[in-house]
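First up is the structure itself, then whatever we jot down about it.
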Amino acid sequence: MNADTSDQRGLIDSVRPYLEKESLAAFFLGMSSGFPYAMIGATLTTRLAQDGIDKKTVTAFTLAFLVYNLKVFWAWVVDGVNLPLLGRMGQRVSWMLLTGALVMAAVANLALVDPSADLGATVLAAVLVGVAGATFDIVIDAYRIETLKPYQLGTGSGMSQYGWRIGSAGAGALALVVSARYGWSAAYLFCALFALPAMLTALVLGEPARHRDPVGKKGVGDVVASIIGPFGEFFRRNGAWLVLVFILVHKVGDTLANLTFRLLFNDLGFSNDEIAIWDVGVGFWAYLIGIFIGGIAYTRMGLKRSVLVALVLMAVSNLSFAALAAAGHSNLGMAGAIGFENMASGYGGVVVVAYFSALCDLRYTASQYALISASASVIGRFATGTTAGGLIETMGYVNFYILTTLLALPGVVLFWWMGRSGLVDAAMGTAGEEKSDADPFA
């Protein structure tokens, strides 16, 4: 009986962190964060490819994602500017409502353009979704980090990734199914509703308890200091510049590969329904399994070892798409490639996001996480938009995905060295250093 009771308590204790309100909030925030990405990512790629747009033009559309990488330049506004009227509800809550409404409007605008009739209008609409989505992400990331207690960073990051996958996969699958029956305009209009979970979460929970307002601005010099201050604080840390180099290079190969998958599927002759079942469906469950494994690994292995394993897995996963390209149209092959890649991404999403969150100073959460998350994919997205289509046409898909695997190796080696030299710990921010009485890892 004692053994059974102990096992039951152990099971309850392992599940309880996922049911805490902060973790549940991270889940709903992640849902809304994921869907704009899907609208200008895989979904738009499929839409353009089906409209007969050539590969170089299709991959050039991924430059819309670069807006996410530029968000660092206006993130300070979210930290320091109080909105009129809405601002009475709190800094984070008011910005959540405003940016959520802007995302819905931008997606509705993208729904109304016709790529085959006016490619320029489609480019502008995609960029507007990127601007609105990036600003929405600034608020969502700050709200998540400031809502979670330090000991919840691993669990909360996992729940956020669960939500992100459900939001992105759900919006992507819904868009494919609805577009096949009612057209792409209806599909995008339906998907705009995915902004609501984050907005409702902010209304229910209110302003985060750990939110710290920066010192009030009075003159021009103070405003300039408010922009520079978050970045100055980060770069004064020991090893911060090397940490930034790691952030820049660690995901180059993974990003370059991920933004071209739908081109591969289209060229291999997969239908919308097949993509919805094998890419979105299998990928969804594989991602959830990867997140679950990542949560356990983060707790059992610690931050440094779990992140290193994630980097290796994400690098190797690109080889599975080289194998799919060599095999040709195969539902089993697509399921295997998508399954492995999404398990690796789900695992990496938990531990890498937890690490990036821990790097933030709570006074500048929005600005510093914007710097970190924007830097994490800028090189890969730029390379995709400018060279991916040409590389695929020149090298072929097999060699292209082998190349993306090799591009991931410098990040693996650099993080291993940072862990060995102590720079991972030295550059940590207050979001990861502060402990609470309830922290089981203190």
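The values are calculated or read from the model by the stated rules, or taken from the named source; none is laboratory data. Please read these numbers as outputs of a predicted model, since none were measured by experiment. With ideal geometry, Cβ positions are generated from the backbone for all residues, glycine too; neighbour counts draw on all protein chains shown. Side chains included, ligands, DNA and RNA excluded: accessible areas come from the protein's heavy atoms. Shrake-Rupley method; radii C 1.70, N 1.55, O 1.52, S 1.80 Å.
For VAL78, the stated conditions do not hold, so it cannot be described as over 14 Å from the mean Cα position of the chain (by Cα), under 29 Å from ASP279 (Cβ atoms) and either of a type outside the set (S, T, N, Q) or at pLDDT below 80 (or both).
Check the stretch 335-358 and report whether any residue there is more than 18 Å from THR405 (Cα to Cα) and more than 20 Å from the chain's Cα centre (by Cα). For the stretch 335-358, residues more than 18 Å from THR405 (Cα to Cα) and more than 20 Å from the chain's Cα centre (by Cα): present. Counting the residues of the stretch 304-331 that are open to solvent by 30 Å² or more (accessible area, probe 1.4 Å) and either acidic (Asp, Glu) or touching a Phe, Trp or Tyr at 6+ places or on another chain (Cβ under 9 Å) (or both) gives 10. Just so you know, in the stretch 238-273 the residues that are over 19 Å from LEU48 (Cβ atoms), of a type outside the set (Gly, Ala, Ser) and part of a loop (DSSP other than H, G, I, E, B) include one that is least open to solvent (accessible area, probe 1.4 Å), and it is HIS250.
Within the set THR404, THR365, the sole residue that is buried (at least 24 other Cβ atoms within 10 Å of the Cβ) and either without any contact (Cβ under 8 Å) to a residue 24 or more places away in the chain or under 29 Å from MET428 (Cβ atoms) (or both) turns out to be THR365.
Of all the numbered requirements in (1) at pLDDT 80 or above; (2) in contact with a Lys or Arg (Cβ under 7 Å, 6 or more places away or on another chain), LEU174 misses one, and that requirement is (2).
Find the helices (runs of 4 or more DSSP H) located wholly in the stretch 325-442 whose residues include 3 or more that are at pLDDT 90 or above and in contact with a helix residue (DSSP H, G or I) (Cβ under 6 Å, 6 or more places away or on another chain), and list them. Outline the logic, then answer.
Working: elements: 331-358, 365-383, 389-395, 397-421, 423-426, 430-433.
So the answer is 331-358, 397-421.
The stretch 111-207 holds helices (runs of 4 or more DSSP H) entirely within its bounds, and those carrying 3 or more residues that are of a type outside the set (S, T, N, Q) and more than 29 Å from LEU86 (Cα to Cα) map to 119-147, 153-182, 184-191.
Residue count for the stretch 153-192 under the criterion of being open to solvent by 20 Å² or more (accessible area, probe 1.4 Å) and in contact with a Gly (Cβ under 6 Å, 6 or more places away or on another chain): the result is 2.
Of all residues in the stretch 114-131, those satisfying the criterion of being within 21 Å of LEU66 (Cα to Cα) and open to solvent by 10 Å² or more (accessible area, probe 1.4 Å) are LEU119, GLY120, ALA121, VAL123, LEU124, VAL127, LEU128, VAL131.
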